[in-house]
1. What number of residues in segment 352-385 are touching a helix residue (DSSP H, G or I) at 6+ places or on another chain (Cβ under 7 Å), over 25 Å from I324 (Cα atoms) and not hydroxyl-bearing (S, T, Y)?
2. Would it be correct to say that A359 is among the small types (G, A, S), in contact with a strand residue (DSSP E or B) (Cβ under 7 Å, 6 or more places away or on another chain), in the same structural domain as V72 (by TED's automatic domain parsing) and closer than 25 Å to A117 by Cβ?
3. Within segment 142-167, work out how many residues are without any contact (Cβ under 8 Å) to a residue 60 or more places away in the chain and surrounded by 24 or more Cβ atoms within 10 Å (Cβ to Cβ).
4. Checking I369 against (1) modelled with pLDDT of 95 or more; (2) in the same structural domain as M135 (by TED's automatic domain parsing); (3) buried (at least 22 other Cβ atoms within 10 Å of the Cβ): exactly one of these is not met. Which one?
5. Grab the strands (runs of 3 or more DSSP E) fully contained in segment 49-141, keeping just those with 3 or more residues being surrounded by fewer than 19 Cβ atoms within 10 Å (Cβ to Cβ) and not hydrophobic (A, V, I, L, M, F, W, C).
6. Conditions: (1) over 17 Å from V139 (Cα atoms); (2) surrounded by fewer than 22 Cβ atoms within 10 Å (Cβ to Cβ). I385 meets all but one. Number of the miss?
7. Anything in segment 304-335 that is more than 19 Å from Q271 (Cβ to Cβ) and touching a Gly at 6+ places or on another chain (Cβ under 7 Å)? List them, or say none.
8. Looking at segment 381-416, which of the residues that are free of Cβ contacts under 8 Å to residues at least 60 places away in the same chain and in contact with a Lys or Arg (Cβ under 7 Å, 6 or more places away or on another chain) is nearest to Y210 (Cα to Cα)?
Amino acid sequence: MTIALIVPLLGLPLLTACGGGDDDDGGGTPTGTPTTTVPAKKVKITIGNHTDLTGPASVAMQTVNMGLEDVVRYYNDNNLIPGVEVEALKYDGMLNPSRDIPGWQWLKERGADLITAWFMLQPVTLGPLAAQDKMPLFVANAPSKLLVTPGYTFATAPPSEDLMWNLIKWVIENDWDYQTKGPAKVGLAADEGGDPSGFSKAFEKYAAMYPDRMQWEGAQVIPVGSYLWASAVEGLKDCDYIYVPNVWPMFVKDYAGAGHTKAKFLGSDSQMSFFKIGDDMKLWPKIDGMLFVAQSEWWGEDAEYPRFSEQLMSQYRSGSEDKIKADKGYNSVGNGMLMLEAIRNAAAAVGPENVDSQAIYEGAQSVAISFDGLERFSFSPTKRIGVDRLAIYEADSAAKGTVRVSEWFPVERMPE
């Protein structure tokens, strides 16, 4: 089953969170001073993690859950939200839509003050509950129509149509010589559970606006739960570029097995979460040069965020660093930081003893995060999409990783 797993983000050193009363303690980590006296006993705030522990995405979600848990632990260990102790409570949604609403209720009944969800269709069912219960919901992806203001749903990644618009615009303008070769043939493979409509919409829009640059070959969509890609492969065999499913290894295996080599594959941070499976299937040579649109750095890049993330691994997952760095799942530390900074802003504004879901909702709207001197993530009273900048990365089969091939550029909304 295809998932829309977006687990990139943020850096802690030199992090700036508006409205938090930040001071620099010299250690490169955020600090905050509440506006009221800190109670002797810390107030417990619970992040409900609506995740997958035993379902089709459970392998990838292991490192996602680790990253969230470790950044919560770091904030607690370093008293970064004075007077508050944060807990991350997991619910096993099994990547099963029928468990979305029961999971919300289960987490709410156990004291969740805000909830995070990771998969493409969850905001459709959980967004109305967030508005009804006035509880902040932080999602990895959501259709633009759900990200309204004022609203309780906050997206930690751009909507799929905006993400794909930025990807294909860069690819056609920088990787494809349309002036010599004519329009690039572009297609997409997905399953129904991945809700590919937003992706297709962006590709269709670009092709309609620039027919001399790109020709849209359509989307090949298979039923949920099926990994049989043979018919989709044949439907896309003439493409110059193919946006592959999130769980891409089976598609790439079938594409290569059919003897096709023409297309360059495209993806996002989501596909980077399945490098481990691709490595096990010895598919790195097949994706060499694959292009990704990303909102966080790859491991080892000389930048503040990956350095902090690796610090967390060393501190809390010593001996497992190489395994964790096989993909980008651990970058969920950034998703966690958006929520933690919202809680920190709330505690600074109303005092730890008064932090509740409404205070966190208000606090989320003043989060702004910069690193390496560049603001990359923010929410506001009129903005529910947290990502401000993206970059393009390229797969390097020799290094079994990716390298950045663009600057960090502002997110461009898909034209209406």
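The values are calculated or read from the model by the stated rules, or taken from the named source; none is laboratory data. Since this is a predicted model, take the numbers as computed values, not measurements. Positions of Cβ are backbone-derived with ideal geometry, glycine not excepted, and every protein chain shown enters the neighbour counts.
1. Count: 8.
2. So A359 does not fit the description; no.
3. Of the residues in that region, 1 qualify.
4. Result: I369 fails condition (1) only.
5. Working: elements: 84-92, 112-117, 137-139.
The qualifying strands (runs of 3 or more DSSP E) are 84-92.
6. Result: I385 passes all but (1).
7. E304, Y305, F308, V333
8. For segment 381-416, the residue satisfying everything is P410.
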